[in-house]
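Participant: Here it is: the structure, laid out below.
The values are calculated or read from the model by the stated rules, or taken from the named source; none is laboratory data. Since the model is a prediction, treat every value here as computed from it, not as a measurement. Counting neighbours? That spans all protein chains shown, and the Cβs are built from the backbone with ideal geometry, glycine included. Side chains are part of the model used for accessible areas, which takes the heavy atoms of the whole protein and leaves out ligands, DNA and RNA. Shrake-Rupley method; radii C 1.70, N 1.55, O 1.52, S 1.80 Å.
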Amino acid sequence: IQSNFHRENVLATGSYDENVFIWDTRNMRAPVSEFNVGGGVWRLKWHPEISSRLLVGAMYNGFHILDVASTVNLSTSFMEHASIAYGADWCQTRDGKSKGWLVGTSSFYDHPISKMQL
């Protein structure tokens, strides 16, 4: 479960059923949207500045960045790890006055840490 700190009524959930669900906390009877990532969802992390971006660690299907607007769309996938996709987080970079973002990922059994410049 990951709440979106930019949009107070938005919540993301995921589980071993391979689906990411987006909820409106004002009406929890059914998700407002869903997306199948093709692997059990282990990690969810909203982007620190872009309220519609969600980083997903999908255990047996790599890492994905979803664009969560009125619908959910796949933005980017990272399939570099040979083991279970486990840890993931955003990291801000600075080069002089400009800033960018990295995604750091790690997998379970083979223990590597990877970074991807966005």
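Participant: Given the conditions (1) touching a residue at least 40 places away in the same chain (Cβ under 8 Å); (2) closer than 23 Å to GLU8 by Cα; (3) surrounded by fewer than 18 Cβ atoms within 10 Å (Cβ to Cβ), which single one is not true for LEU74?
Facilitator: (1)
Participant: Can you pull out every residue in segment 19-58 that is among the acidic types (Asp, Glu), assigned to a strand (DSSP E or B) and either open to solvent by 50 Å² or more (accessible area, probe 1.4 Å) or closer than 23 Å to ILE84 by Cα (or both)? Quick ask: steps written out before the conclusion?
Facilitator: Our first condition is that a residue be among the acidic types (Asp, Glu); within segment 19-58, this holds for 24, 34, 49.
Imposing the further condition that a residue be assigned to a strand (DSSP E or B) reduces the set to 24, 34.
Within segment 19-58, just GLU34 meets the criteria.
Residues checked against (1) within 14 Å of GLU18 (Cβ to Cβ); (2) of a type in the set (S, T, N, Q); (3) at pLDDT 85 or above:
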| position | (1), (2), (3) |
| --- | --- |
| TRP42 | yes, no, yes |
| ILE50 | no, no, yes |
| GLY57 | yes, no, yes |
| ASP67 | no, no, yes |
| LEU74 | yes, no, yes |
| HIS81 | no, no, no |
| LEU102 | no, no, yes |
| ASP110 | no, no, no |
| LYS115 | no, no, no |
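Participant: Given the conditions (1) among the polar types (S, T, N, Q); (2) at pLDDT below 90; (3) open to solvent by less than 50 Å² (accessible area, probe 1.4 Å), and given that ASN61 satisfies all but one, which numbered condition is not satisfied?
Facilitator: (2)
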